[in-house]
Amino acid sequence: MERSAKKSSTKEDPTKDATEVRYSALLELAWTAINPILRQGAEKCLAAIPGRSQLREWERQELDGGVHGAYEWLAGCLAEELETAIEGAQKAARQALKVQAATFAMKLETSRTAGAVMLEAQAAEMEAAMHRKTEEALKAFKGAEGDLLAAAHREIEIMQQEVTRGKLTRAARCVLMGSIVTC
């Protein structure tokens, strides 16, 4: 029949995706299984007609042609319904893949955002620790004369700028952190 020739050409089409080829193969397999059953049903119907053997040859051929025509029509209807069902399954599968892709994209974006938020929190924590150490250093110098305090402020400002730029030496970091003994 024309249907099986049409469907077999979809297997060879390289532009079809694997799902479409798989559904086309399923349709062809189903059609191959259904068609002989329908032909056998037509033959059984013809055999069940009483007095068919007493008909003249042309009457028997006309009756056979009518019954086979009805079964061919039925086969065509079944094939169309089967194709519609398979196309619906393809559409549902595509939609499910789109939903899955959107969900994956959303999860990926969430993980990216979470990483950025975590880095910002770490930076804020480090800045707060640096600020506490600076305040402690300022409190230690508070009792000294004004010039000493002003010089300490300038030193701390320079150190903070160097820390921000990442150019602070190990010894300077130790002094700034208040642990010169362990450095």
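Below is a table of values for the structure above.
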read-out: Long-range neighbours under 9 Å by Cβ, at least six apart or interchain, first residue closer than 19 Å to residue 38 by Cα within the range 55-68, second surrounded by 15 or more Cβ atoms within 10 Å (Cβ to Cβ); value: 63/46; 64/42; 64/46; 67/42; 67/46; 68/42; 68/46
read-out: Among the residues listed as 94, 112, the single one being modelled with pLDDT of 85 or more and under 21 Å from the mean Cα position of the chain (by Cα); value: 94
read-out: Residue among 25, 42, 47, 30 that is under 29 Å from residue 91 (Cα atoms) and either more than 46 Å from the chain's Cα centre (by Cα) or exposed (fewer than 15 other Cβ atoms within 10 Å of the Cβ) (or both); value: 25
read-out: Lone qualifier among 85, 79, 70 - being surrounded by 11 or more Cβ atoms within 10 Å (Cβ to Cβ) and modelled with pLDDT under 85; value: 79
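The values are calculated or read from the model by the stated rules, or taken from the named source; none is laboratory data. Because the structure is predicted, anything quoted here is derived from the model rather than measured. Note that each Cβ is placed from the backbone with ideal geometry, even for glycine, and that neighbours are counted across all protein chains shown.
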